[in-house]
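Any read-out appearing in this document is the output of simple, stated calculations on the displayed coordinates, not a laboratory observation. A quick note: this is a predicted structure, and the numbers were derived from the prediction, not measured. As a convention, Cβ positions derive from the backbone with ideal geometry for all residues, glycine included, and neighbour counts pool all protein chains shown.
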Amino acid sequence: MPIIKDNKNLFTLEENKAGAQRKMAAIFAADVVGYSKLMAQNEKLTLFRLKETRKTTDTIIQNLSGRIFSTAGDSIMAEFASPVDAVEAAIEIQKKLKNTIADITDNIIIEFRMGINLGDIMVQDNNLYGDNVNIAARLESVSKPGEICISEKVYQEIKNKVDIKFKLIGTKKLKNISEKINIYMSSLSADDKETLKVKFNSKKIIFTSAVFVSVCFFVALIYKYFYSERINYNQNAKSVIESLNNSDSELQSLSTPGDENILKISVMDFQIQSSNFNKEKLNILMDKIASSLSEKDLVSTVRSPEGSENLNPPEVMLIATEANSSFVVNGILLSEGLNDYLNLKIYEAKRGSLIISKKLSLKDNNDFTEVGKFLNLFKEDIIK
């Protein structure tokens, strides 16, 4: 029995009466979509593109142990010992051509339809013949551009062995083929669309998340600036501060000659009603307050003796007049359970009215961070 060894494949053949030999093979058929039309548009470019494409197709077929036995014009016919190899070659070719097509900006596009069948065929003079070869060619003709049609025999051999899905598109009577056959078609285009959809949805999710995070961050900044990090003044306090920031303000006129641009604040010694505080710790707190309220060439503080817990307007105006100040700060140190607090009060000098009353926490009797932060904010508002 003769043996043909061709392209690393070993096929055992039976000699028939006509001199041809028989064997089982997977037949791969491919044809360029609209080749005649492409040639009519631009012969030279079409031929160039076809030759470049054939470099890709022929290499892939050979790498998967296939043998090309016919190349009439724009078509390719090849045989494989394994239907899995034949389908893998078709998939790889179609995917590479899709990538190539994506970079082309003109209308000369080389795109293949493909068909694959499995069955007994005849071999003569290195060419292949028989119904099973013809079926492969007919499967190619019913395939969509860029897709692969396979027969039932091929499907049964390759299902769950390749990385794309094939869907049954029906039982059809093919031209010049006596019996109807089940035809399966690849889903390469659908997979591409699904991949694009996933990529688009992923980008959409990322973009939406980024926008959401940005909006949250922006809202947080707004909240921090206008609410969390600002003092919520009552209407009287707002009016006083706005008036103070006006260059014609009467409050500005309280300064003595030579100190026209310096705003003075009277800070009275706080009353101590907490066992955790003594005069020494009070002095530390008063120094912290003076530091928080002072601003070189803009704001200075004047320490005044301890006064009553609730100052009436005449008392405030008297203290302010003696110190030539625009505001009077007073407070009382209290203990509530294990926690210490400062009830802080700020008065405006012109009418002696209370504009701020704030309860501030003292984490311990040596930590005056919250007090300093609050008074810093007040200072920033009055020197805008």
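Please work out, to two decimal places, the log10 of the ratio I(q)/I(0) at q = 0.14, 0.19 Å⁻¹ from a Debye calculation in which every Cα of the stretch 3-190 carries one identical scatterer.
Each listed q maps to, in turn, -0.76, -1.32.
Multiply the residue gap between GLU309 and LYS279 by 0.36 nm, knock off their C-alpha separation, and tell me the result in nm, one decimal place.
Values: separation 30, 0.36 × 30 = 10.80 nm, distance 1.74 nm.
Working it through step by step, the gained length comes to 9.1 nm.
Among VAL215, VAL162, VAL371, what is the fewest-to-most ranking by other Cβ atoms within 10 Å?
Values: VAL215 10, VAL162 16, VAL371 20.
Fewest-to-most ranking of VAL215, VAL162, VAL371: VAL215, VAL162, VAL371.
Amide H of LEU263 versus every other amide H placed in the peptide plane: which residues, excluding those fewer than 5 positions away on the same chain, fall under 5 Å?
Close amide H contacts, sequence-distant or interchain: VAL299, SER300.
Of LYS281/LYS359; LYS95/LYS180; LYS144/LYS167; LYS95/LYS144, which ones are farther than 22 Å apart at the Cα?
Numbers: LYS281/LYS359 19 Å; LYS95/LYS180 30 Å; LYS144/LYS167 13 Å; LYS95/LYS144 14 Å.
Among LYS281/LYS359; LYS95/LYS180; LYS144/LYS167; LYS95/LYS144, the Cα-Cα distance tops 22 Å for LYS95/LYS180.
What FRET efficiency comes out for the pair ASP103/ASP125, r = Cβ-Cβ distance, R0 = 35 Å, nearest 0.05?
Details: r = 40 Å, r/R0 = 1.15.
Efficiency computed from Cβ-Cβ geometry: 0.30.
Pairs of Cα atoms under 8 Å, at least six residues apart: use those to get the relative contact order of the stretch 3-190, whole percent. Each step should come with its number before you reach the end.
Details: 365 pairs, mean separation 42.0, N = 188.
Relative contact order comes out at 22 percent.
Quote the FRET efficiency, to the nearest 0.05, computed for SER65 versus ILE206 with a Förster distance R0 of 30 Å and r equal to the Cβ-Cβ distance.
0.10
How much net charge surrounds ASN42 when only the other residues with a Cβ under 10 Å from the Cβ of ASN42 are counted, with Lys and Arg +1 and Asp and Glu -1? Walk me through the numbers before you get to the answer.
On the way: positive: LYS44, ARG49; negative: GLU43, ASP106.
Once positives and negatives cancel, what remains is 0.
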